[in-house]
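In what follows, a single structure is set out as structure tokens and then discussed.
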Amino acid sequence: MTDTNTRLLYRIYDSDIGYSFRKSRIAVAATIVTLIYFLAAIFAPLVAPTNPYDLASLNLSDAFTPPAWVEGGSSKFLIGADDQGRDLLSAIIFGARMSLLVGFASTFLAFVIGVSVGLVAGFRGGMVDAILMRIADIQLSFPAILVALLIDGVARSVMPSDMHDTIALWVLIFSIGISGWVNFARTVRGSCMVERGKEYVQAARVIGIKSTTIMVRHLLPNVMGPVLVIATIQLAVAILLEAALSFLGVGMPLTKPSLGTLINTGQNFLYSGEWWITIFPGVALAILVLAVNLVGDWMRDALNPKLR
Amino acid sequence: MIAFAVRRFIQAIVVLLAVSLIAFVMFKYVGDPISQMVGPETPIDQREALREQLGLNDPVPLQFMHYLGDVVQGNFGRSFRTGLAVDRVLLERIPATLELAIVAVLYAVVAGIPMGVYSGLYPDRWLSKFFQTVSLIGISLPTFFVGVILIYIFGPTLNLLPTFGRGEVVHIGFWSTGLLTVSGLKSIILPAFTLGMFQLTLIMRLVRSEMLEVLRTDYIKFARARGLSNRAVNFGHALKNTLVPVITVIGLQLGQVIAFAIITEAVFQWPGMGLLFLQAIQFADVPVMSTYLLVVAVFFVAINLVVDLLYYVIDPRLRLDRAVAQGG
């Protein structure tokens, strides 16, 4: 078992894609940074110096402690404390956890919706295809941020206001997921229309396999390459969207801040000179998005047969 | 050409109808207009009478027709929050957003195209690499964070530029402009820079990759072989051929900019439509939300339509393709 695993790992390492990955220093660096974020997010309770959700442990007299290397800083708060005396580093780690959670969940939602729509539209063709793709066109003519804001706003109007904070996470995942399915659908549909005519699909049809099985078992694996690229890019987009919504005050609440929420709270203190409260979460967000974008860029080039 | 235009026009109408249906559904099912209009002590029979009077008991398709009729006449209802007529409130805000969007796109085009051409022509020079790096950072940096940093630098630190509001405005008819006063011009610099930055990087990267692609083609090699000057080849032949996709993207970006303005307006407290929309979301002010959606949809659809038609006019190959496809 372990032997086959190592051999599989070696085959991945030795493949064309593995080679192009090893050759690209930027891709390696970006992957490492991304992995560090993922690990820090998953193991946030172990990694973070303090628990930012534990309101009882906060001491208001610690509020606005500057970073340790600045005059007045304390070694207790490596990069300073926020307006409530929360350790900023812990807040950022837990914030990144929130951002990544929303990013992954909404990308997954967009993936499921988009791939299903794309498979059905590409495989069935005709009327179904025309209707689904018109809907996609209409949505695509609106920027994702607007769609997400609108869904978020409607959800907020429907729900009673005392529930807003508890459901904020689900509303965010839902609205960002819905705003992102179109690219998946269009790509899958395109590849599906190419694959549909190929012999293996015809063969599967001839021996009487159900259409749904053909779509999921035969077509889907063959269109996964571009889908993975889109998923990576969508992850970066989703993280940015979540941050933007939280920054605008319609995302994660103050009690469970994401990176966007942290930047939003911090900007109130820029004029009084407490720059670290907003700058550090912003830098953390920018590095995360940059790293994911770079991985996506590399994947797009590596999987693009035209560039080989 | 005419058939194409007509088809695109019908498509645009369908999109607008779909959006107004969404706006109508929001208007009708999100929140109860009656409870917004009357006090809590109003008896049920009076509420029902009002409901009947407003046509809220009519069949839903009929209500939709009424809604469309109202919208066409510019009657969008009243804001739940302020009680003012929505069309008046929104109309006041449109100039601020449009000025911001246009200045941002202009700046992105004026700076982005030369940067893209340069890094396309000389991909190995350090300045090109610098542009590439900056553009990557520009794409990854969230707009609002750029705004926050700019506010910090130019506000409290340097105290050079105003960081919120539009400054003094001049009224010309219904249009209020900040572009004719010194404080208005100063106020627009930071928001427009923030808003235009993403578009700038996008345009730059697009022009660069298009240039790289075009410069490899045979007709460019042939033009060089004919002994044309570098300038004639680079600008007359290469740049001209890159412009078709660039124009399309710029056009479509104008729509995106109007939507992204929501964030920029929030950062800089710019009194435009986006800020209004954001406040409407926070207060669940459905009439303002649905009207904003409609207004923005009209902008987008108009822009898309114009870009599509322009595309058709600019690129003769498109016409040829279609003619071939139709067997003509």
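Remarks
- Solvent exposure ordering (accessible area, 1.4 Å, most first) of B:GLU168, B:GLU265: B:GLU168, B:GLU265
- Normalised by the number of residues in chain A, the average gap of Cα pairs under 8 Å and 6 or more apart makes the relative contact order 22 percent.
- Helix B:273-282 vs. chain B, principal-axis angle (Cα, 0 to 90°, nearest 10): 50
- Measuring between alpha carbons in the structure, the pairs from A:LYS23/B:LYS129; A:LYS256/B:LYS28; A:LYS76/A:LYS256; A:LYS256/B:LYS129 lying more than 29 angstrom apart are A:LYS256/B:LYS28; A:LYS256/B:LYS129.
- Partners for B:LYS221 among lysines (Cα-Cα distance below 24 Å; same-chain residues under 8 apart left out): A:LYS306, B:LYS240
- With K and R counted +1 and D and E -1, the other residues having a Cβ less than 13 Å from that of B:LEU90 yield a net charge of 0.
- Segments A:51-60, B:280-289, B:302-311 sorted - mean Cβ within 10 Å per residue, highest first: B:280-289, B:302-311, A:51-60
- Whole-number percent relative contact order across region B:86-327, with pairs defined as alpha carbons under 8 Å at least 6 apart: 27
- Sparse packing (at most 13 other Cβ atoms within 10 Å of the Cβ) combined with a DSSP loop state is found for the following trypsin sites (Lys or Arg not before Pro) in region B:182-218: B:ARG216.
- Taking all protein chains as they are arranged and a probe of 1.4 Å, the heavy atoms of A:LYS210 leave approximately 140 Å² accessible to solvent.
- Charge sum, other residues only, whose C-beta stays under 11 Å from A:SER57's C-beta, Lys/Arg counted +1 and Asp/Glu -1: -2
- In degrees, nearest ten, helix B:286-314 long axis to first principal axis of chain B (Cα): 30
- Taking A:GLY266, A:GLY296, A:GLY125 in turn, the Gaussian network model of chain A (Cα-Cα springs below 10 Å) assigns the largest fluctuation to A:GLY125.
- Taking the C-alpha atoms only, the angle from helix A:164-179 to the longest principal axis of chain A is near 40 degrees.
- Per residue of A:238-244, other chain Cβ atoms within 10 Å of the residue Cβ number 3 on average.
- With the highest mean first, a sort of the peptides A:218-226, A:99-107, B:138-146 on other beta-carbon atoms found within 10 angstrom per residue produces A:99-107, B:138-146, A:218-226.
- Solvent-accessible surface ranking, highest first, for B:VAL60, A:VAL194 at 1.4 angstrom: A:VAL194, B:VAL60
- For the protein assembly as shown, adding -39500 (n - 2.57) for each run of n ≥ 4 DSSP H residues and dividing by the number of residues yields -23500 deg cm²/dmol at 222 nm.
The values are calculated or read from the model by the stated rules, or taken from the named source; none is laboratory data. Computed from a prediction, not measured in an experiment: that's the story for all the values here. Every residue, glycine among them, receives a Cβ derived from its backbone with ideal geometry; neighbour counts consider all protein chains shown. Keep in mind that these areas ignore ligands, DNA and RNA; they rest on the heavy atoms of the full protein, side chains included. Shrake-Rupley method; radii C 1.70, N 1.55, O 1.52, S 1.80 Å.
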